[in-house]
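Report on the structure given below.
The values are calculated or read from the model by the stated rules, or taken from the named source; none is laboratory data. All figures in this text were calculated on a predicted structure; none of them were measured in a lab. Here the Cβ positions follow ideal geometry from the backbone for every residue, glycine too, while neighbour counts run over all protein chains shown. To get the accessible areas, we keep the full protein, side chains included, count just its heavy atoms, and leave off ligands, DNA and RNA. Shrake-Rupley method; radii C 1.70, N 1.55, O 1.52, S 1.80 Å.
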Amino acid sequence: MKTEIDARGLACPEPVIRTREQMKSSDEIEVLVDNKTAVENLARLAVHLGWSVSNEDEKGYFRVRMKGKPVTVPAGAGDAVVSCGPGGSFITVLSSDEMGSGNSELGAILMKAFIHTLASSDEVPSKILFYNSGVRLAAKGSDVIDDLAVLEQKGSELLVCGTCLNFYRLTDELKAGKVSNMFDILESMKNAGNIIRP
Amino acid sequence: MKAEKILKTRGVVHKIIPVPKEISSDCGVCIRFEKDSVDEITSALSGQVDVRQYRPL
């Protein structure tokens, strides 16, 4: 029997709790939710309990289809697959042209490898902030301009500290992203779900 | 790092990338380059750098 749950407008983790309850008596459920985090949480719940899951992007909301055997075990700690964080929203802060501290040459190589890996991943940061010597990565002479172009193409916004460009005399040498300021840097950090700082 | 310096000095187009996971799961880095440069790179690095292996991607 197919059951539909309208979980639009409900705060996390309510959509998951209602769905989990319904999974005891149904073998096919369609859940309507209005945010990506809920879609991801429902997908994890389904997979965890051995159900198949797919979702469709309707106009303004998502329809998550789940199929499987009614779940007989009561909800427990094993169901802790829910993440109510902003999920997916993360930014990357490049405060140096080296990754980690220690040997500078090693740090430079690691940073190149890091940025290449970031550019190769499916999920890219919503923003990448460059400050202090990190701005060198976005300026002429950088070996990662091609990776930064890929990141921009995939949707990352590149914000480069203007004061820092000026300090390193790179203002006219910017090759990726746009010049930004302390206000934008602070706002970006405040609004980020997660900050990755290599 | 030495190899990178040599290639940079010679102006050979290359890129430092992490070693692809299917080759090794170590936290290694490697140098990616165009197939056409293989002879130039092999001769530039021979005797200078201990090259683990050349692998096509």
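Distance from the C-alpha centroid of region A:1-52 to that of region B:1-50: 49 Å, rounded to the whole angstrom. Accessible area ranking (1.4 Å probe, heavy atoms, ligands and nucleic acids excluded), largest first, for B:CYS30, A:CYS161, A:CYS84: A:CYS84, B:CYS30, A:CYS161.
Counting each DSSP H run of 4 or more residues in chain B as -39500 (n - 2.57), what helix-only mean residue ellipticity at 222 nm follows after dividing by all residues, to the nearest 500 deg cm²/dmol? List each step's numbers first, then the result.
Working: 2 runs with 17 residues, N = 57.
My calculation for chain B gives -8000 deg cm²/dmol from helical runs alone.
Note on B:ILE6 and B:LEU57: the extension gain reaches 16.1 nm, defined as 0.36 nm multiplied by sequence separation minus the Cα-Cα distance.
Per residue, how large is the accessible surface of region A:86-198? Use a 1.4 angstrom probe and give square angstrom. Please report the intermediate quantities before stating the final value.
On the way: 5800 Å² over 113 residues.
Normalised by residue count, the accessible surface of region A:86-198 is 51 Å².
Computed from backbone phi, the HN-Hα couplings of region A:59-66 come to 6, x, 8, 10, 10, 9, 9, 10 Hz, rounded to whole numbers (Karplus: 6.51 cos²θ - 1.76 cosθ + 1.60, θ = phi - 60°; Gly and Pro given as x). Using a 1.4 angstrom probe and counting only protein chains, how large is the accessible area of B:VAL49 in Å², to 10? Solvent-accessible area, nearest 10 Å²: 40 Å². Once backbone amide H atoms are built at 1.01 Å from N, B:VAL29 has B:VAL19 as its partners under 5 Å, excluding neighbours fewer than 5 places away on the same chain.
By the beta carbon rule, with partners counted only under 4.7 Å, the protein assembly as shown holds these lone Cys residues: B:CYS27, B:CYS30. Phi-derived couplings, Karplus 6.51 cos²θ - 1.76 cosθ + 1.60 at θ = phi - 60°, listed residue by residue for region B:10-21: 7, x, 7, 5, 7, 8, 7, 9, x, 4, x, 4 Hz, with x used for Gly and Pro. Applying the Karplus relation 6.51 cos²θ - 1.76 cosθ + 1.60 with θ = phi - 60° to region A:16-29 yields 3J(HN,Hα) values of 5, 4, 5, 5, 4, 5, 5, 5, 6, 10, 10, 10, 8, 10 Hz, where x marks Gly and Pro.
Taking amide hydrogens as placed 1.01 Å from N in the peptide plane, the amide H of A:ILE128 sits under 5 Å from those of A:THR92, A:GLU157, A:LEU158, A:LEU159, each at least 5 positions away in sequence or on another chain.
Based on DSSP, what percent of beta bridges with both residues in the protein assembly as shown are antiparallel, to the nearest 5? Walk me through the intermediate numbers first.
On the way: 18 of 37 bridges.
Taking every DSSP beta bridge within the protein assembly as shown, about 50 percent pair in antiparallel fashion.
Only lysine pairs 8 or more places apart or on separate chains count here, and in chain A those with Cα atoms under 19 Å apart total 20.
Could you point to the residue in A:MET189, A:ASN41, A:LEU110 farthest towards the positive end of chain A's charge dipole, with +1 and -1 charges on the Cβ of Lys/Arg and Asp/Glu respectively? Ranked along the dipole, the leading option is A:ASN41.
The B-A contact accounts for roughly 1000 square angstrom of buried accessible surface, both chains included, probe 1.4 angstrom.
When the helices in chain A are scored as -39500 (n - 2.57) per DSSP H run of 4 or longer and the sum is shared across all residues, what 222 nm value do you end up with, to the nearest 500 deg cm²/dmol? The per-residue figure over chain A is -9500 deg cm²/dmol. For the protein assembly as shown, the dipole from Cβ point charges (+1 on Lys and Arg, -1 on Asp and Glu) about the Cα centre works out to 260 debye, to the nearest 20.
Our estimate of slack between A:GLU58 and A:ALA11, defined as 0.36 nm per intervening residue step minus the Cα-Cα distance, is 15.0 nm.
Here region A:1-147 carries DSSP beta bridges of which approximately 60% are antiparallel, counting only pairs with both residues inside.
In region A:41-198, taking the dipole from charged Cβ atoms about the Cα centre, the farthest positive-side position among A:PHE90, A:VAL179, A:VAL64 is held by A:VAL64.
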